[in-house]
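Participant: Sharing a structure here in structure tokens format.
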Amino acid sequence: AWLDKIDRRYAWIKRQLVDYEEKYGRMFPAEWCMTERIAVDFCHITRAELSKIMRTRAKEIEVKLLLFAIQRTTNFEGLLAKRFSGCTLADGTGKKPEVPPPSTNPFLEDETGAETDEIVMEKSDTDKPKKPKVPDNPFHGIVSKCFEPHLYVYIESQDKNLGELIDRFVADFKAQGPPKPNVDEGGAVLPSCADLFVYYKKCMVQCSQLSTGEPMIALTTIFQKYLREYAWKILSGNLPKTTSSSGGLTITSLLKEKEGSEVAKFTLEELCLICSILSTAEYCLATTQQLEEKLKEKVDTSLMERINLTGEMDTFSIVISNSIQLLVQDLDAACDPALTAMSKMQWQNVEHVGDQSPYVTSVILHIKQNVPIIRDNLASTRKYFTQFCIKFANSFIPKFINHLFKCKPISMVGAEQLLLDTHSLKMVLLDLPSIGSQVVRKAPASYTKIVVKGMTRAEMILKVVMAPHEPPVVFVDNYIKLLADCSTDTFQKILDMKGLKRSEQSSMLDLFRLRLPAPPPGGDGSGSLSLSAPTPEQESSRIRKLEKLIKKRL
């Protein structure tokens, strides 16, 4: 009989066993376990016959028929486990070796079983990844093992189903469009990701009931394939495109000099979509880690090391990183025209210090437009909002300082105005994580440290510019003390900002090189400057430089 008639096999043996026990049950000693022996013999014959017929008719095996046959078979094996102890099984998988000799006291047997269960639970708690997989059913696989060589039919079916599922997700996203902005409850996770993992769980449970061997490894490979496809087709594939606009943003911001010039910014819907994709990628990252743990629990102990979803988790991490970078680039690019306007102002003509300059107001406006939207849509994933803040600060502050160096020449009053503007920006950046929020939270210490360090450097640059350059030695020492920067390029930029002539700059640079403290042994000279005594070679070099400087001045 073919697989569709498999129920008749098990119905027949049930009738035969009932008939045997009624007629012959009392004729043999109970410890001979004759009924179990007949059932086991039936299982061996059935397994051999099913194996033979499935080899012959392998092309006729369909996944639904296969699953039907496996389900009926595992149900029958479960029935055997309830009825028999498994003590007659030749392979030793029965309960007899694992428990004390049979006792006539059923309560004692129950207690022993309970103690055994408690021991297993304790082991699983203390050493979960390496817990021994002891089969609860000694009859598990006694017949159903014959289906394992044909489980490729099931795996191929799941491959096809998951491919169709991903295609449906893509089509649905195009038809329905991005999720609507939902600032009240935080960024919306795409519903398709939950559907994907629910299907994964169903497949994993189903496959583990069929086999805990190689088919589980094959299924894991299929899972990996479609996790990557989901990450690229659904998540990365739907991030707002910036290939044409991002380059345009940079060029536009460099060309436009007028303050408040319009730049291509993401719309509210696009910002919310980026946040939604970021939140979805985070959900997928966490759930993929859980999936890996569950797969290792389901598979044979010897195969656990072959289950590794690290690559897929890294893929979701890349999506998260790209999403954050898009948000940073958008806000960064929006601030570019204001910084360009700052560097184009005639700072030597500023006559009095007033309120903050219009370019500062423009930067603050863009921050107040973007940051609250991003914060509200990343409310469920605060750590990535913090990452956004940190990355923006690390991008904006160096750019601000670079534009600061372009402000040349600067008068004393102009430097004072710039210092006021810098302080205003510093205060706004320190408040950036909670800007526009009714609930004021203290900014993360890691973020505050970056802002304070970067903007304090900008303030020190302006204070050095404001300092008189006569006498030169005092000016140079003051620069070294305030900025602790050994770079001659930075010092040159400061001199340009002060508007010194090239002849004055040349002698000042020579003096700067002479006054530089020696770097610490083995250090890179980037940290605090050392005041250790110079070596004889350094001292000789300094004397030669000083002689050249004296000759030049004479």
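What follows draws every value from the coordinates through simple rules; no lab data is involved. Just so it is clear, the model here is predicted, and its values are computed rather than measured.
Participant: Among the listed pairs K14/K202; K265/K493; K368/K442, give every one whose C-alpha distance is greater than 22 Å.
Facilitator: Violating the 22 Å Cα-Cα cut-off are K14/K202; K265/K493.
Participant: Same structure, new question: For the stretch 345-465, max minus min Cα coordinate along each principal axis, in Å, sorted largest first?
Facilitator: 49, 22, 20
Participant: If you don't mind, another one. I'd like the Karplus ³J(HN,Hα) series for the stretch 79-87: coefficients 6.51, -1.76, 1.60, θ = phi - 60°, whole numbers in Hz, and an x wherever there's a Gly or Pro.
Facilitator: Each residue of the stretch 79-87 in turn: 5, 4, 5, 5, 8, 10, 8, x, 6 Hz.
Participant: Compute the distance from the alpha-carbon center of the stretch 441-456 to that of the stretch 16-50, in whole Å.
Facilitator: 78 Å
Participant: Distances over 16 Å make up what percent of all Cα-Cα pairs in the stretch 467-515? Before the final figure, lay out each step's value.
Facilitator: Working: 298 of 1176 pairs.
The share of Cα pairs beyond 16 Å in the stretch 467-515 comes to 25 percent.
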